[in-house]
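The values are calculated or read from the model by the stated rules, or taken from the named source; none is laboratory data. Everything quoted here is computed from the prediction, not taken from an experiment. Cβ placement follows ideal geometry from the backbone for every residue including glycine, while neighbour counts extend to all protein chains displayed.
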Amino acid sequence: MTDLETLFSLAVDPDSVLIDPNSANYTVPHTWGVYEVLERDCGPSGMRFRKGNHPVRLKELQRELGNTKLVALFTEEELASELSRCLNERSS
């Protein structure tokens with residue numbers, strides 16, 4: 001199994017998390033997403049894949065950069081960071 005396959009195998013099903021009733025910007029359990037910017041222009045950083053708190057980061061990216069999709073969702077921030085790094089390295 002490759003590093004990417006291992007990381008994807010650790011992702012959680014987005015349907016298995018709930019919106020936090022105390023703050024609609026977060027989920028229960030707390031999750032981090034890896035997102036792909038689908039627009040030609042990836043913004044000033046030039047990174048196609050980004051990570052952040054879910055779902056607030058997805059909404060920010062969609063507002064700032066347009067068409068963006070969730071690639072994977074994790075309950076550990078380090079896993080999201082590693083996947084976004086690997087995907088950006090692979091796409092360069």
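Answer yes or no: is there a residue in the range 19-36 that is more than 21 Å from Ser91 (Cβ to Cβ) and under 11 Å from the mean Cα position of the chain (by Cα).
Pass one, the range 19-36, residues more than 21 Å from Ser91 (Cβ to Cβ): 19-31.
This time we only want the ones that are under 11 Å from the mean Cα position of the chain (by Cα), so: 31.
Yes, some residue in the range 19-36 is more than 21 Å from Ser91 (Cβ to Cβ) and under 11 Å from the mean Cα position of the chain (by Cα).
Being crowded, with 17+ Cβ neighbours inside 10 Å and either at positive phi or among the β-branched types (Val, Ile, Thr) (or both) is true for just one of Val56, Val28, Val37. Which residue is that?
On the way: Val56 fails: crowded, with 17+ Cβ neighbours inside 10 Å; Val28 fails: crowded, with 17+ Cβ neighbours inside 10 Å.
The conditions single out Val37.
Taking the criterion of being of a type in the set (D, E, K, R) and touching a Lys or Arg at 6+ places or on another chain (Cβ under 9 Å), would at least one residue in the range 31-46 satisfy it? Checking the range 31-46: at least one residue is of a type in the set (D, E, K, R) and touching a Lys or Arg at 6+ places or on another chain (Cβ under 9 Å). Given the condition of a type in the set (Lys, Arg), part of a helix (DSSP H, G or I), out of contact with any Pro (no Cβ under 8 Å at 6 or more places or on another chain) and surrounded by 14 or more Cβ atoms within 10 Å (Cβ to Cβ), answer yes or no: does some residue in the range 65-86 qualify? Yes - at least one qualifying residue is present in the range 65-86. When the range 12-49 is filtered for residues that are in contact with a Leu (Cβ under 6 Å, 6 or more places away or on another chain) and either not in a loop (DSSP other than H, G, I, E, B) or not hydroxyl-bearing (Ser, Thr, Tyr) (or both), the ones remaining, listed by number, are Val12, Pro14, Val28, Gly33, Val34, Tyr35, Val37, Glu39, Gly43, Phe49.
Scoring Arg90 on the criteria (1) of a type outside the set (A, V, I, L, M, F, W, C); (2) in contact (Cβ under 8 Å) with a residue 60 or more places away in the chain; (3) in contact with a Pro (Cβ under 8 Å, 6 or more places away or on another chain) leaves a single failure, condition (3). Picking from residues in the range 6-60 that are under 17 Å from Leu83 (Cβ atoms) and hydroxyl-bearing (Ser, Thr, Tyr), the one that is modelled with the lowest pLDDT is Ser45.
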